[in-house]
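Q: Pasting a structure below so you can have a look.
The values are calculated or read from the model by the stated rules, or taken from the named source; none is laboratory data. Everything numeric here is computed off the predicted structure, so don't read it as measured data. All Cβ positions, even for glycine, are placed from backbone atoms using ideal geometry, and neighbour counts span all protein chains on display.
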Amino acid sequence: MYASCWIGFILLLVPKFDQNEYRKYRAGCFVFSGLMSSVPAIHALNLDPKYMVDFNEYMWALGGIIYIAGAGLYATKFPEKYYPGKFDLFVRLMIHFMIIFIGVISLIIPYYDCYSSSCALQGFS
């Protein structure tokens, strides 16, 4: 996970990699980060059931799917690719905001699952 974060950091913030020829590598890094949400679910399958309080693997899968969908939107340059010249700066900024919002939502969903599991373990409602 740390390696994918560092690779993503380099691909996004180093000016050399800000060209379109590296877009597929940046998108691949985002897809890999989305697939990393499967690691806790696979780990949970190997745990003893007495340690499993309230693990909802569907929340983790949903977070990964939403993250990968955002990476797909980023990689395909939707909708600018299909309707060139029809979008001004405001619409491009809104689409960028939508992709960032999808990324944030995909991170909040598994966090909420962990938080609710922790509360259930401690006896809170």
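Q: What number of residues within region 7-35 satisfy the criterion of being surrounded by fewer than 16 Cβ atoms within 10 Å (Cβ to Cβ) and charged (D, E, K, R)?
A: Residues meeting the conditions: 4.
Q: For region 59-84, what are the residues that are among the hydrophobic types (A, V, I, L, M, F, W, C) and within 13 Å of the chain's Cα centre (by Cα)?
A: Within region 59-84, MET59, TRP60, ALA61, LEU62, ILE65, ILE66, ILE68, ALA69, ALA71, LEU73 qualify.
Q: Under 20 Å from ILE105 (Cα atoms), surrounded by fewer than 18 Cβ atoms within 10 Å (Cβ to Cβ), within 12 Å of the chain's Cα centre (by Cα) and at pLDDT 70 or above - does that describe any residue in region 37-52?
A: yes
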